[in-house]
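The values are calculated or read from the model by the stated rules, or taken from the named source; none is laboratory data. No experiment lies behind these values; they were computed from the predicted model shown. With ideal geometry, Cβ positions are generated from the backbone for all residues, glycine too; neighbour counts draw on all protein chains shown. Areas reflect the complete protein model, heavy atoms only, side chains present, ligands, DNA and RNA absent. Shrake-Rupley method; radii C 1.70, N 1.55, O 1.52, S 1.80 Å.
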Amino acid sequence: MTQATSTNKIVVLENESITLPKGYKAGGMHCGIKKKRLDLGYIVSEVPAAVAGVYTTNIFQAAPLILTQESIAKENKIQAILVNSGNANACTGEQGLLDAAEMQKRFADELGIQPHLVAVTSTGVIGELMPMECINAGIKQILQSEFEQEENFKQSILTTDTCIKQIGVQIKIDGHTISIGGAAKGSGMIHPNMATMLGFVTTDANVAQDDLLFALKDVTNQTFNMITVDGDTSTNDMVLVMANGLAGNEQLTKEHPDWGSFVTALGIVCKELAKKIARDGEGATKLVEVQVSGAFSTDEAKTVGKSIISSNLVKTAIYGTDPNWGRIVTAAGYSGVPIEPQLLEVSIGQYKVFEKGLPCPIVEEEVKGYLEQENVVIHVDLNQGEYSATAWGCDLTYDYVKINASYRT
């Protein structure tokens, strides 16, 4: 049964996802890119949808990202997304662009729509040409009813992930129930400013495209851009939001009285997906949350949080259940943010470990016991201002090295 919790007007549905909103279907199949796991998936809307996207900051953008951004620019709408895993189609030159375009056109033909209404994205090994024979055969079959299962889509986008990432929310706007669903993949090559992650968000809300893009960028900066696993930013990162308007509400813009509720709901979806990605970091055993408060600005709070959550020494200490607060203080100190050491306070869970430039007396075994939990919270108070931010990551384990040492084999 779907679990639901309520936050003001927003209902969170843990077991719902991208087909929760009206007018969407999804599916996936195994076409042969990977040996056994599903590797080709799709999302389709009944009607063209307003679309907003954010993309990797890596200079080496993969061919599907280049094509998708060009396609979206034509009309600011899409009706379908085609995604494959197992091959990134990155650093593949002109042939890579041709292959991405062929995938787009063939799927558009199957749907009977214009090619620019299909977004294409890929994830997997970099530098290998797409196995187009397998992909084209898959595209011919993928819309068959036996593959039309949302679970298939969520499985088809995974690479080194150990689990699916999904979330759904509902809110009332203009007397209509608005649904937002999300699914994502991501486990390694994860770092703030987008990471090896793909995020797909659907909604049946009627939203102005410019305002949808504004909302996505704002929410991304507080969620997907505040996670890290290993400090690597990939060539293929993308988050797309589709809004098909089938809920029947008055068009949402920044001037609409319920705009804030919609953005909050979108933020919940993206935050939960971001946390699930961080927790599923390659080889990870713990989700780590760094809460920074007392900063002069939100940007400074974000910078300190990212510095701490990105520190390999902090991450390995948490894996080893070592309450080594010195690594946390050091990471805050080299963040580039002006910090007054005598004002800084650091707590691991409920245990204050650093204050006024000096260590606090602790019972080490109690703090070690806290660090054995699956969810670890570090709080850093700069005591210099009124702004705060939160970053998420995971511990760094032996298994991370094993997974990435043999990724292509």
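The GNM of the chain, with springs linking C-alpha atoms under 10 angstrom apart, assigns the highest mean-square fluctuation among S335, S85, S310 to S335. Note on K36: lysines with a C-alpha under 25 Å away, same-chain residues under 8 apart excluded, are K25, K140, K154, K165, K185, K276, K402. Across segment 144-152, computed HN-Hα scalar couplings (Karplus, 6.51 cos²θ - 1.76 cosθ + 1.60, θ = phi - 60°) run 5, 4, 5, 9, 7, 9, 4, 4, 4 Hz from first to last residue, x flagging Gly and Pro.
Residues in segment 385-399 near a label at T330, defined as backbone nitrogen under 18 Å from the 7 Å Cα→Cβ point? Only 395-397 fall inside the zone, counting backbone N under 18 Å. Among I227, I126, I362, the residue with the largest mean-square fluctuation in a Gaussian network model of the chain, with springs joining Cα atoms closer than 10 Å, is I362. Couplings 3J(HN,Hα) for segment 95-112, derived from phi with the Karplus relation 6.51 cos²θ - 1.76 cosθ + 1.60 (θ = phi - 60°), are 5, x, 5, 5, 5, 4, 5, 5, 4, 4, 5, 5, 6, 4, 4, 4, 8, x Hz, where x marks Gly and Pro. Computed over neighbours whose Cβ is under 9 Å from that of A389, the net charge equals 0, Lys and Arg +1, Asp and Glu -1.
Local charge sum around I157 (other residues, Cβ-Cβ under 10 Å, Lys/Arg +1, Asp/Glu -1)? With Lys, Arg at +1 and Asp, Glu at -1, the neighbours total +1. In this label model, N383 and L313 are separated by 2.3 nm, measuring between points 7 Å along each Cα→Cβ vector. Rounded to the nearest 5, what % of DSSP beta bridges with both residues in the chain are antiparallel? Antiparallel bridges: around 70 percent, rounded to the nearest 5. With a cut-off of 17 Å on the backbone N, the residues of segment 255-269 near the modelled label site 7 Å out from D174 along Cα-Cβ are 255-263. Other residues lying with their Cβ under 12 Å from the Cβ of L246 contribute a combined charge of -1, Lys and Arg counting +1, Asp and Glu -1.
For K352, the lysines whose Cα comes closer than 16 Å to its Cα, not counting residues fewer than 8 places off in the same chain, are K368. Residues whose amide H lies under 5 Å from that of H30, counting only those 5 or more places away or on a different chain, are D39; hydrogens are built 1.01 Å from N in the peptide plane. A cut-off of 5 Å between modelled amide H atoms, ignoring neighbours fewer than 5 places along the same chain, links I178 with I171, K172, I173.
Choose one answer from G320, G186, G112: the residue with the largest mean-square fluctuation in a GNM of the chain with alpha-carbon springs under 10 Å. Of G320, G186, G112, the most mobile in the Gaussian network model is G112. Ordered from highest to lowest accessible area with the whole protein assembly present and a 1.4 Å probe, Y319, Y42, Y398 read as Y398, Y319, Y42. The Cα-based radius of gyration of the chain, divided by its Kirkwood radius, gives an Rg/Rh of 0.99. When the inverse distances between all different Cα atoms of segment 92-219 are averaged and flipped, the Kirkwood radius reads 17.2 angstrom.
Placing dummy labels 7 Å off each Cα toward the beta-carbon, the span from E372 to D109 is 6.1 nm. Computed from backbone phi with θ = phi - 60° and the Karplus coefficients 6.51, -1.76 and 1.60, the 3J(HN,Hα) list for segment 238-253 is 7, 10, 10, 10, 10, 10, 8, x, 6, 6, x, 6, 5, 4, 7, 9 Hz; x is used for glycine and proline. List the relative contact order of the chain as a percent without decimals, with contacts defined as Cα pairs under 8 Å and 6+ residues apart. After rounding, I find 17 percent. Taking every DSSP helix (H) stretch of at least 4 residues in the chain, weighting each as -39,500 (n - 2.57) and dividing the sum by the residue count yields a mean residue ellipticity at 222 nm of -10000 deg cm²/dmol. In summary, the aspartates and glutamates within cross-link reach of K254, defined as a Cα separation below 20 angstrom excluding same-chain residues under 8 places away, comprise D174, D204, D210, D211, D218.
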